[in-house]
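The values are calculated or read from the model by the stated rules, or taken from the named source; none is laboratory data. All values reported here derive from a predicted model rather than from experimental measurement. Cβ atoms come from the backbone with ideal geometry, glycine included; neighbour counts cover every protein chain shown.
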There are 2 protein chains.
Amino acid sequence: MNELHLSKKTYHFDAPLRLQSGASIDQYNLVVETYGQLNANASNAVLICHALNASHHVAGIDLDNSNELGWWDNMVGPGKPVDTNHFFVIGVNNLGSCFGSTGPMSINPQTNEPYGARFPVLTVEDWVNAQARLADQMGIRKFAAVMGGSLGGMQAMSWATQYPERVAHCVVIASTPKLSAQNIAFNEVARNAILSDPDFYGGDYYKHGVVPKRGLRLARMVGHITYLSDDDMAEKFGRDLQRLAGAPDEYRFSFDVEFAVESYLRHQGDKFSGYFDANTYLLITRALDYFDPAKRYQGDLSQALANVRAKFLVISFSTDWRFSPDRSREIVQALLNNKTDVSYAEIDAPHGHDAFLLDDERYHRLVRAYFATMAEAKCN
Amino acid sequence: MNELHLSKKTYHFDAPLRLQSGASIDQYNLVVETYGQLNANASNAVLICHALNASHHVAGIDLDNSNELGWWDNMVGPGKPVDTNHFFVIGVNNLGSCFGSTGPMSINPQTNEPYGARFPVLTVEDWVNAQARLADQMGIRKFAAVMGGSLGGMQAMSWATQYPERVAHCVVIASTPKLSAQNIAFNEVARNAILSDPDFYGGDYYKHGVVPKRGLRLARMVGHITYLSDDDMAEKFGRDLQRLAGAPDEYRFSFDVEFAVESYLRHQGDKFSGYFDANTYLLITRALDYFDPAKRYQGDLSQALANVRAKFLVISFSTDWRFSPDRSREIVQALLNNKTDVSYAEIDAPHGHDAFLLDDERYHRLVRAYFATMAEAKCN
């Protein structure tokens, strides 16, 4: 089959979801896309967890917007590394996000106004609990694999510890067992850009008919610097001046766009501030900061991963300075300490953290082989 | 002598200074501090060039503010590495800065209003030209040394090419021959934080009685991340929570200060936004972006440094990821290509870019030895 079997559905949950903070959400929706067919014994489901700014729309053309190719379309689809001819792949927009699932923009049934600042702070563990309920509704007892990059990898990891019986394989890409001080610092700058934007109104900008665009724009600009490697930026932009073809290669002595890299960052910032919700940005960066499964074990990651039953595939990228290979090796070492079955690959790729979204041949060959072996094992 | 002989003076310049942009400044002041005594033949003068946020106040206690120790007080003074018992050290606040020299806050004599956005964009070369006029007024034909860290190192380098006969020794610390795309990107985020602050008023905030504090605060927060090494941040803050002693080591699930590193960044940002001028921040980061002496030689740094007559001391720090040792090695290689006398040291120090301001023992021993040799050579 060459055609992608895509379907989209909103799931509603009525029972309150108790959160790690102690707060709870009484009812909520999760928007879900699926690709491929669930087999008779529901054993071929793969859950894809998204990172900061992505959504349920993992693969194919968005049913509501034909311009929107899924964010991991190079990875998921018929004949792709995660082959939807074999696997039933699920993309879910997380709670608190802004692409249709219940989040700060949604109407709080208790007040009939958008949640805004009253939307509770969430953790990776909370997302996994919400996803587990989704799996229940979908009739999936155990995932063939839970998979994600960056923050998505944290969710995959957390699945393996929160629901060890429900995950056969855990695929953790370009991730980390916890943020470093520098990682948190970058998030803090991004959050402060939003929090200090006069259009933020303490998170209740919806009722003022504005959006804290300046803050979102800056947050995204900072983010982008950390997604690319230094070398990649040098390769892509260097010190090239932003000029019309034929214009002289001279400085213009102003604070407007002068270098190509400035134009790129401003463009990324503008685009992002046009579609992403600022409260969601705060929530998701905070979930990143808080993720630290070893915290309750006095920092011992091996203990935190001791109950894992899944087999692991861990992948990192050589030029990723946001979550460097060292961070992935910490995960691998903790798994090995527990004698967990783990494959690890460090891909020599120039594209920094963003590499997990790109179609590097060695990276995709590896994922393809891993899933092919899973598919075969299931058939035999 | 153990006492620092400090004097402070404002120099006035009447002749227009033609700038690299083509604009010019008709008249301007430069605030200067000196330490030690100029000898009879004016051969013992050392010019210290400052980086982004520093000033003329290099050493000792500020005459106007007894709390303000000079920014390089550990380096300059009686018995210090740059020993003011031998050398006459000059600190000068650059044109466009905000500590007394003419800058955007100053009154434009043509309009009787602060320059604001009409202050011309400056380059490192412009600063050096202004400093050369200062040297003329002070009766200094040739400096024993011109010295600086980071942006200050760029000025020292530029002195050696713009006025090769006037520099005996050039000391370039934690610097680079040009910014990388990533360096420019960080500056661009900082500038955009200021430019998009509603209190910026296109640079003319003075007349509105406000200061773009939000923007300055964010700019400084971003800056601080790049001044410290990842390891240094991990060492200083790790994932420690910001808590009163005895308070539980638990998350509070909010966007307020949660981690110690957040508290540090906010504090630095707040402090900075209370004393630094936003227009100056724009000007100085732009001067950093523009510095590229090899540009007019099709990128050939050896050609750009071909006319140098000074001897060089170049120092870098192992964990400086803003201007890494590789960038210093480019300078050294270009100098060697010209058979210039150059000493190079890469100091294994944990403190990132900030290391040039700290008193690492090996670093200071090296500078001390270099200046001691100069002092001896002069005596014999």
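Among the residues of region A:47-72, the one identified as within 15 Å of A:V92 (Cα to Cα), more than 13 Å from the chain's Cα centre (by Cα) and assigned to a strand (DSSP E or B) is A:D62. Residue check: B:S229 meets all listed conditions (1) closer than 24 Å to A:I284 by Cβ; (2) buried (at least 21 other Cβ atoms within 10 Å of the Cβ); (3) more than 8 Å from every other protein chain (Cβ to nearest Cβ) but one, namely (1). Regarding B:V332, is this residue modelled with pLDDT of 95 or more, closer than 15 Å to B:G153 by Cα and over 20 Å from the mean Cα position of the chain (by Cα)? Yes. Checking B:A145 against (1) over 23 Å from A:L241 (Cβ atoms); (2) without any contact (Cβ under 8 Å) to a residue 24 or more places away in the chain, which test does it fail? If we test B:A145 against (1) over 23 Å from A:L241 (Cβ atoms); (2) without any contact (Cβ under 8 Å) to a residue 24 or more places away in the chain, just (2) comes out false. Counting just the residues of region B:174-184 that are facing chain A (nearest Cβ under 7 Å) and touching a strand residue (DSSP E or B) at 6+ places or on another chain (Cβ under 9 Å), which one comes out farthest from B:S302 (Cα to Cα)? The extreme case among them is B:I184. Does region A:156-171 contain any residue that is assigned to a helix (DSSP H, G or I), touching a helix residue (DSSP H, G or I) at 6+ places or on another chain (Cβ under 6 Å) and of a type in the set (A, V, I, L, M, F, W, C)? Yes - at least one qualifying residue is present in region A:156-171. Within region B:150-171, the set of residues being under 20 Å from B:S55 (Cα atoms) and in contact with a Leu (Cβ under 7 Å, 6 or more places away or on another chain) comprises B:L151, B:V171. Restricting B:Y275, B:Y290 to residues that are within 8 Å of chain A (Cβ to nearest Cβ), at pLDDT 95 or above, closer than 30 Å to B:A145 by Cβ and under 24 Å from the mean Cα position of the chain (by Cα) narrows the list to B:Y290.
What residue, among those in region B:185-218 that are part of a helix (DSSP H, G or I), away from every other protein chain (no Cβ under 11 Å) and free of Cβ contacts under 8 Å to residues at least 12 places away in the same chain, is nearest to B:A156 (Cα to Cα)? My answer is B:Y201. Output the residues belonging to region A:1-27 that are of a type in the set (S, T, N, Q) and either surrounded by 12 or more Cβ atoms within 10 Å (Cβ to Cβ) or farther than 24 Å from A:Q37 by Cβ (or both). Selection gives A:T10, A:Q20, A:S21, A:S24, A:Q27. Among the numbered conditions (1) more than 8 Å from chain B (Cβ to nearest Cβ); (2) among the charged types (D, E, K, R); (3) part of a helix (DSSP H, G or I); (4) more than 24 Å from A:V58 (Cβ to Cβ), the only one that A:R243 does not meet is (3).
Okay, residues lined up against (1) hydroxyl-bearing (S, T, Y); (2) more than 24 Å from B:F259 (Cβ to Cβ); (3) out of contact with any Cys (no Cβ under 7 Å at 6 or more places or on another chain):
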| position | (1), (2), (3) |
| --- | --- |
| A:I107 | no, yes, yes |
| A:A156 | no, yes, no |
| A:Y163 | yes, yes, yes |
| A:V167 | no, yes, yes |
| A:V171 | no, yes, yes |
| A:P177 | no, no, yes |
| A:Q182 | no, no, yes |
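May I ask you to say which residue of A:L95, A:L52, A:L47 is touching a helix residue (DSSP H, G or I) at 6+ places or on another chain (Cβ under 6 Å) and crowded, with 22+ Cβ neighbours inside 10 Å? Only one candidate qualifies: A:L95.
In region B:361-374, what residues are in contact (Cβ under 8 Å) with a residue 24 or more places away in the chain and either of a type in the set (S, T, Y) or surrounded by 15 or more Cβ atoms within 10 Å (Cβ to Cβ) (or both)? Listed by number, the residues that qualify are B:Y363, B:H364, B:L366, B:V367, B:R368, B:Y370, B:F371, B:M374.
Before we move on, is A:I140 assigned to a loop (DSSP other than H, G, I, E, B) and under 30 Å from A:A375 (Cα atoms)?
yes
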